[in-house]
Amino acid sequence: MPFKSACSIAALILAAFPALADTAALLTYEQFEAAVPHVDLETCPDALAQEDVFCRATLRHEEIHVFAFDNDGENLFAGFKSYPADGLTALLR
């Protein structure tokens, strides 16, 4: 159910920043950082890897959600991908 989880995260972001729901404002990393608990990734997964992009990850509903942001200017949102968190329990022990 990646789409459902992605919608949940989008709703959290919009709830934290109601102005984003009424305008075509782009999500910046500064806004994301303040609103979404996350971890920094050293590298982006292949599906999001681009030149001058950095990635952050969240864990929600047994999925890992990775957000990509441009590394220049205002660090605008550049992409999103969800992955199953199968096996994550073993890594956290």
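If you go through segment 51-63 one residue at a time, how many are surrounded by 12 or more Cβ atoms within 10 Å (Cβ to Cβ) and part of a loop (DSSP other than H, G, I, E, B)?
Here is the first cut: in segment 51-63, the residues surrounded by 12 or more Cβ atoms within 10 Å (Cβ to Cβ) are 53-63.
Narrowing the set further to residues that are part of a loop (DSSP other than H, G, I, E, B) leaves 61-62.
Looking only at that region, the number is 2.
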Self-check item: Boolean, residue 40 is surrounded by fewer than 16 Cβ atoms within 10 Å (Cβ to Cβ), modelled with pLDDT of 95 or more and acidic (Asp, Glu)
Solution: yes
Quiz item: Residues in segment 64-80: is at least one in contact with a Pro (Cβ under 8 Å, 6 or more places away or on another chain), part of a loop (DSSP other than H, G, I, E, B) and among the acidic types (Asp, Glu)?
Solution: no
Quiz item: Of the conditions (1) touching a Phe, Trp or Tyr at 6+ places or on another chain (Cβ under 8 Å); (2) at pLDDT below 95; (3) of a type outside the set (A, V, I, L, M, F, W, C), residue 28 fails just one. Which one is it?
Solution: (2)
Quiz item: Restricted to segment 60-88, and to residues that are modelled with pLDDT under 90 and aliphatic (A, V, I, L, M), which residue is farthest from the chain's Cα centre (by Cα)?
Solution: 88
Quiz item: Does residue 10 satisfy the condition of being modelled with pLDDT of 90 or more, of a type in the set (A, V, I, L, M) and either assigned to a helix (DSSP H, G or I) or surrounded by 14 or more Cβ atoms within 10 Å (Cβ to Cβ) (or both)?
Solution: no
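The values are calculated or read from the model by the stated rules, or taken from the named source; none is laboratory data. Quick caveat: nothing in here was measured; it's all calculated off a predicted structure. Reconstructed Cβ throughout: ideal geometry from the backbone, glycine too, with neighbour counts over all protein chains shown.
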